Amino acid sequence: MAALVPLVLILGYIVVKGLPAFNADFFTHSMNGVGSRAGGGLYAAFIGTLEQVAIAAIIALPIGLFTAIYLVEYGKGGFARAVTFFVDVMTGVPSIVAGLFVYTFLLLGTGLRPFGAAGSIALAILMLPVVVRSSEEMLKLVPRELRDASYALGVPKWRTIVKVVLPTALSGLITSALLAIARVAGETAPLILLVGYAAKINNNPFHGDQATLPMFVWDQLGKRTGNASDFGEARAWGAALTLVLLVLLLNVGARLLARLARPKTR
(Lines give C-alpha, C1' and ligand atoms only; values in the text may rest on other atoms or scores of the structure.)
Protein backbone atom coordinates (compact mmCIF):
# COMPACT_ATOMS: atom_id res chain seq x y z
CA MET A 1 0.00 0.00 0.00
CA ALA A 2 2.83 2.40 0.83
CA ALA A 3 4.26 1.91 -2.66
CA LEU A 4 1.10 3.43 -4.14
CA VAL A 5 1.62 6.75 -2.37
CA PRO A 6 4.55 8.05 -4.46
CA LEU A 7 2.94 6.65 -7.63
CA VAL A 8 -0.34 8.46 -6.96
CA LEU A 9 1.50 11.67 -6.07
CA ILE A 10 3.57 11.60 -9.26
CA LEU A 11 0.61 10.79 -11.50
CA GLY A 12 -1.57 13.35 -9.75
CA TYR A 13 1.06 16.07 -10.17
CA ILE A 14 1.48 15.27 -13.87
CA VAL A 15 -2.29 15.41 -14.38
CA VAL A 16 -2.62 18.74 -12.56
CA LYS A 17 0.25 20.31 -14.50
CA GLY A 18 -0.49 18.76 -17.89
CA LEU A 19 -4.26 18.82 -18.18
CA PRO A 20 -4.56 22.61 -18.75
CA ALA A 21 -2.54 22.22 -21.98
CA PHE A 22 -5.07 19.79 -23.44
CA ASN A 23 -7.15 21.31 -26.22
CA ALA A 24 -7.90 20.64 -29.87
CA ASP A 25 -5.00 22.75 -31.17
CA PHE A 26 -2.53 20.99 -28.89
CA PHE A 27 -3.23 17.64 -30.56
CA THR A 28 -3.72 18.87 -34.14
CA HIS A 29 -0.90 21.39 -34.64
CA SER A 30 2.89 21.22 -34.68
CA MET A 31 5.42 23.69 -33.31
CA ASN A 32 6.44 24.92 -36.75
CA GLY A 33 6.87 28.71 -36.55
CA VAL A 34 5.48 28.94 -33.00
CA GLY A 35 8.67 29.42 -30.99
CA SER A 36 8.12 30.59 -27.42
CA ARG A 37 4.68 32.07 -28.10
CA ALA A 38 1.33 30.58 -27.14
CA GLY A 39 -0.16 27.97 -29.41
CA GLY A 40 1.31 25.01 -31.20
CA GLY A 41 1.13 21.42 -30.13
CA LEU A 42 2.56 17.93 -30.17
CA TYR A 43 1.02 16.56 -33.37
CA ALA A 44 4.39 16.13 -35.09
CA ALA A 45 5.92 14.55 -31.98
CA PHE A 46 2.99 12.18 -31.53
CA ILE A 47 3.21 10.99 -35.14
CA GLY A 48 6.98 10.53 -34.80
CA THR A 49 6.64 8.47 -31.63
CA LEU A 50 3.97 6.21 -33.13
CA GLU A 51 5.97 5.61 -36.31
CA GLN A 52 9.27 4.94 -34.57
CA VAL A 53 7.79 2.62 -31.94
CA ALA A 54 5.83 0.76 -34.65
CA ILE A 55 8.99 0.19 -36.71
CA ALA A 56 10.85 -0.96 -33.59
CA ALA A 57 8.05 -3.41 -32.80
CA ILE A 58 8.06 -4.77 -36.37
CA ILE A 59 11.79 -5.46 -35.99
CA ALA A 60 11.96 -6.72 -32.41
CA LEU A 61 8.76 -8.73 -31.89
CA PRO A 62 9.29 -11.42 -34.56
CA ILE A 63 12.99 -11.81 -33.72
CA GLY A 64 12.25 -11.97 -29.99
CA LEU A 65 9.42 -14.48 -30.43
CA PHE A 66 11.44 -16.78 -32.71
CA THR A 67 14.36 -16.61 -30.29
CA ALA A 68 12.10 -17.55 -27.39
CA ILE A 69 10.66 -20.46 -29.38
CA TYR A 70 14.16 -21.68 -30.16
CA LEU A 71 15.28 -21.49 -26.53
CA VAL A 72 12.20 -23.25 -25.16
CA GLU A 73 11.52 -25.84 -27.85
CA TYR A 74 14.90 -26.50 -29.46
CA GLY A 75 17.55 -24.91 -27.30
CA LYS A 76 20.13 -27.39 -26.13
CA GLY A 77 23.89 -27.22 -25.99
CA GLY A 78 26.41 -24.42 -26.08
CA PHE A 79 24.75 -22.20 -28.66
CA ALA A 80 21.51 -21.97 -26.67
CA ARG A 81 23.47 -21.13 -23.53
CA ALA A 82 25.34 -18.43 -25.45
CA VAL A 83 22.06 -16.94 -26.70
CA THR A 84 20.67 -16.94 -23.16
CA PHE A 85 23.82 -15.28 -21.86
CA PHE A 86 23.72 -12.49 -24.44
CA VAL A 87 20.01 -11.90 -23.84
CA ASP A 88 20.76 -11.51 -20.12
CA VAL A 89 23.57 -9.07 -20.94
CA MET A 90 21.33 -7.03 -23.25
CA THR A 91 18.71 -6.77 -20.51
CA GLY A 92 21.09 -4.61 -18.45
CA VAL A 93 22.46 -2.48 -21.30
CA PRO A 94 21.74 1.24 -20.71
CA SER A 95 19.65 2.86 -23.42
CA ILE A 96 22.38 5.38 -24.27
CA VAL A 97 24.73 2.49 -25.11
CA ALA A 98 22.23 1.15 -27.64
CA GLY A 99 22.00 4.64 -29.09
CA LEU A 100 25.78 4.99 -29.32
CA PHE A 101 26.04 1.59 -31.01
CA VAL A 102 23.58 2.53 -33.75
CA TYR A 103 25.06 6.03 -34.04
CA THR A 104 28.56 4.64 -34.57
CA PHE A 105 27.73 1.97 -37.12
CA LEU A 106 24.80 3.58 -38.93
CA LEU A 107 25.25 7.34 -38.86
CA LEU A 108 29.03 7.73 -38.49
CA GLY A 109 29.71 4.65 -40.57
CA THR A 110 27.63 5.82 -43.53
CA GLY A 111 27.68 9.59 -43.08
CA LEU A 112 23.91 9.79 -42.82
CA ARG A 113 22.10 12.51 -40.89
CA PRO A 114 19.75 11.60 -38.01
CA PHE A 115 16.39 10.17 -39.08
CA GLY A 116 13.45 8.53 -37.36
CA ALA A 117 14.08 4.91 -38.31
CA ALA A 118 17.58 5.11 -36.82
CA GLY A 119 15.96 5.64 -33.44
CA SER A 120 13.67 2.70 -34.15
CA ILE A 121 16.69 0.41 -34.50
CA ALA A 122 17.96 1.46 -31.07
CA LEU A 123 14.49 1.00 -29.58
CA ALA A 124 14.31 -2.46 -31.16
CA ILE A 125 17.60 -3.38 -29.49
CA LEU A 126 16.15 -2.32 -26.14
CA MET A 127 12.89 -4.18 -26.79
CA LEU A 128 14.52 -7.44 -27.88
CA PRO A 129 15.63 -8.85 -24.49
CA VAL A 130 12.30 -7.91 -22.91
CA VAL A 131 10.39 -9.74 -25.64
CA VAL A 132 12.66 -12.79 -25.48
CA ARG A 133 12.52 -13.14 -21.70
CA SER A 134 8.78 -12.54 -21.32
CA SER A 135 7.86 -14.73 -24.31
CA GLU A 136 10.13 -17.48 -23.03
CA GLU A 137 8.34 -17.52 -19.69
CA MET A 138 4.93 -17.61 -21.40
CA LEU A 139 5.95 -20.56 -23.56
CA LYS A 140 7.28 -22.44 -20.54
CA LEU A 141 3.86 -22.16 -18.91
CA VAL A 142 2.29 -24.30 -21.65
CA PRO A 143 1.84 -27.77 -20.06
CA ARG A 144 4.21 -30.43 -21.32
CA GLU A 145 1.24 -32.82 -21.55
CA LEU A 146 -0.21 -30.82 -24.45
CA ARG A 147 3.00 -31.21 -26.42
CA ASP A 148 3.26 -34.92 -25.60
CA ALA A 149 -0.34 -35.53 -26.65
CA SER A 150 0.32 -33.85 -29.99
CA TYR A 151 3.49 -35.85 -30.55
CA ALA A 152 1.63 -39.06 -29.68
CA LEU A 153 -0.78 -38.34 -32.53
CA GLY A 154 2.14 -38.12 -34.93
CA VAL A 155 2.07 -34.32 -35.32
CA PRO A 156 5.48 -32.87 -36.27
CA LYS A 157 7.19 -30.62 -33.76
CA TRP A 158 6.92 -27.46 -35.86
CA ARG A 159 3.20 -28.03 -36.33
CA THR A 160 2.76 -28.69 -32.62
CA ILE A 161 4.37 -25.34 -31.91
CA VAL A 162 2.15 -23.53 -34.42
CA LYS A 163 -1.13 -25.27 -33.60
CA VAL A 164 -0.79 -26.06 -29.90
CA VAL A 165 1.93 -24.12 -28.10
CA LEU A 166 1.47 -20.66 -29.61
CA PRO A 167 -2.36 -20.57 -29.39
CA THR A 168 -2.18 -21.73 -25.77
CA ALA A 169 0.34 -19.03 -24.87
CA LEU A 170 -1.21 -16.36 -27.09
CA SER A 171 -2.67 -14.23 -24.30
CA GLY A 172 0.65 -14.07 -22.47
CA LEU A 173 2.56 -13.37 -25.69
CA ILE A 174 0.27 -10.43 -26.51
CA THR A 175 0.76 -9.04 -23.02
CA SER A 176 4.54 -9.36 -23.22
CA ALA A 177 4.61 -7.68 -26.65
CA LEU A 178 2.58 -4.66 -25.55
CA LEU A 179 4.52 -4.30 -22.32
CA ALA A 180 7.77 -4.34 -24.31
CA ILE A 181 6.37 -1.59 -26.55
CA ALA A 182 5.38 0.45 -23.49
CA ARG A 183 8.89 -0.07 -22.11
CA VAL A 184 10.53 1.85 -24.98
CA ALA A 185 7.81 4.41 -25.76
CA GLY A 186 9.33 6.99 -23.41
CA GLU A 187 13.03 6.44 -24.14
CA THR A 188 14.93 9.69 -24.70
CA ALA A 189 18.69 9.09 -24.66
CA PRO A 190 18.99 7.16 -27.96
CA LEU A 191 16.67 9.60 -29.72
CA ILE A 192 18.87 12.59 -28.91
CA LEU A 193 21.67 10.99 -30.93
CA LEU A 194 19.73 9.31 -33.69
CA VAL A 195 16.53 11.19 -34.40
CA GLY A 196 17.20 14.83 -33.64
CA TYR A 197 14.25 17.18 -33.41
CA ALA A 198 12.00 18.88 -35.95
CA ALA A 199 9.37 21.48 -35.15
CA LYS A 200 7.54 20.78 -38.41
CA ILE A 201 5.63 17.63 -39.30
CA ASN A 202 7.75 14.89 -40.87
CA ASN A 203 5.72 11.82 -41.75
CA ASN A 204 8.69 10.02 -43.32
CA PRO A 205 10.73 8.19 -40.64
CA PHE A 206 13.41 7.31 -43.22
CA HIS A 207 14.45 10.84 -44.07
CA GLY A 208 15.27 13.88 -41.96
CA ASP A 209 14.96 14.80 -38.30
CA GLN A 210 11.74 13.73 -36.68
CA ALA A 211 10.10 14.88 -33.46
CA THR A 212 9.10 12.49 -30.68
CA LEU A 213 7.21 13.01 -27.43
CA PRO A 214 10.29 12.66 -25.16
CA MET A 215 12.25 15.08 -27.36
CA PHE A 216 9.26 17.43 -27.45
CA VAL A 217 9.36 17.60 -23.65
CA TRP A 218 13.13 18.12 -23.76
CA ASP A 219 12.76 20.95 -26.29
CA GLN A 220 9.88 22.73 -24.59
CA LEU A 221 11.75 22.84 -21.29
CA GLY A 222 14.52 24.72 -23.07
CA LYS A 223 17.10 21.94 -22.76
CA ARG A 224 17.80 21.90 -26.48
CA THR A 225 17.87 25.63 -27.23
CA GLY A 226 18.56 27.07 -23.79
CA ASN A 227 15.40 29.20 -24.02
CA ALA A 228 12.43 28.21 -21.86
CA SER A 229 9.09 29.97 -21.51
CA ASP A 230 5.92 29.59 -19.49
CA PHE A 231 4.10 28.41 -22.60
CA GLY A 232 6.84 25.89 -23.29
CA GLU A 233 6.66 24.50 -19.76
CA ALA A 234 2.89 24.04 -20.06
CA ARG A 235 3.33 22.24 -23.38
CA ALA A 236 6.04 20.03 -21.83
CA TRP A 237 3.73 18.93 -19.02
CA GLY A 238 0.96 18.32 -21.55
CA ALA A 239 3.29 16.09 -23.58
CA ALA A 240 4.38 14.26 -20.42
CA LEU A 241 0.75 13.56 -19.54
CA THR A 242 0.12 12.37 -23.11
CA LEU A 243 3.06 9.98 -22.85
CA VAL A 244 1.81 8.63 -19.52
CA LEU A 245 -1.66 8.09 -20.98
CA LEU A 246 -0.17 6.36 -24.02
CA VAL A 247 1.75 3.91 -21.82
CA LEU A 248 -1.36 3.42 -19.66
CA LEU A 249 -3.45 2.61 -22.73
CA LEU A 250 -0.85 0.08 -23.87
CA ASN A 251 -0.91 -1.64 -20.49
CA VAL A 252 -4.71 -1.68 -20.31
CA GLY A 253 -4.85 -2.87 -23.91
CA ALA A 254 -2.46 -5.68 -23.06
CA ARG A 255 -4.72 -6.83 -20.24
CA LEU A 256 -7.87 -6.70 -22.38
CA LEU A 257 -6.29 -8.46 -25.36
CA ALA A 258 -4.84 -11.12 -23.07
CA ARG A 259 -8.28 -11.74 -21.61
CA LEU A 260 -9.92 -11.93 -25.04
CA ALA A 261 -7.20 -14.24 -26.41
CA ARG A 262 -7.30 -16.57 -23.40
CA PRO A 263 -8.37 -20.07 -24.40
CA LYS A 264 -12.00 -20.79 -23.59
CA THR A 265 -12.56 -23.46 -20.96
CA ARG A 266 -15.67 -25.57 -20.69
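The values are calculated or read from the model by the stated rules, or taken from the named source; none is laboratory data. Quick caveat: nothing in here was measured; it's all calculated off a predicted structure. When we count neighbours, we look across all protein chains shown, and the Cβ atoms used for this are built from the backbone with ideal geometry, even at glycine. The area values use the complete protein model at the heavy-atom level, side chains included, leaving out ligands, DNA and RNA. Shrake-Rupley method; radii C 1.70, N 1.55, O 1.52, S 1.80 Å.
Of all the criteria given as (1) of a type in the set (A, V, I, L, M, F, W, C); (2) under 17 Å from the mean Cα position of the chain (by Cα); (3) modelled with pLDDT under 90; (4) more than 26 Å from residue 45 (Cα to Cα), the one not satisfied by residue 132 is (3). Residues that are at pLDDT below 90 and open to solvent by 50 Å² or more (accessible area, probe 1.4 Å) were ranked within the stretch 106-129; the one that is nearest to residue 202 (Cα to Cα) is 113.
Summed over the stretch 169-200, residues that are among the β-branched types (Val, Ile, Thr) and surrounded by fewer than 19 Cβ atoms within 10 Å (Cβ to Cβ) total 1. Residues that are open to solvent by less than 30 Å² (accessible area, probe 1.4 Å) and assigned to a helix (DSSP H, G or I) within the stretch 13-49 comprise 14, 18, 21, 26, 44, 45, 48, 49, listed in sequence order.
Counting only residues that are surrounded by fewer than 17 Cβ atoms within 10 Å (Cβ to Cβ) and without any contact (Cβ under 8 Å) to a residue 40 or more places away in the chain, how many does the stretch 138-165 have?
Final tally of qualifying residues: 17.
Quick one: is residue 8 farther than 26 Å from residue 222 by Cβ and at pLDDT below 90?
Yes.
Only a single criterion out of (1) more than 26 Å from residue 213 (Cβ to Cβ); (2) in contact with a helix residue (DSSP H, G or I) (Cβ under 7 Å, 6 or more places away or on another chain) is not satisfied by residue 82, namely (2). With respect to the conditions (1) open to solvent by 50 Å² or more (accessible area, probe 1.4 Å); (2) closer than 30 Å to residue 169 by Cβ, residue 135 lacks only one, and its number is (1).
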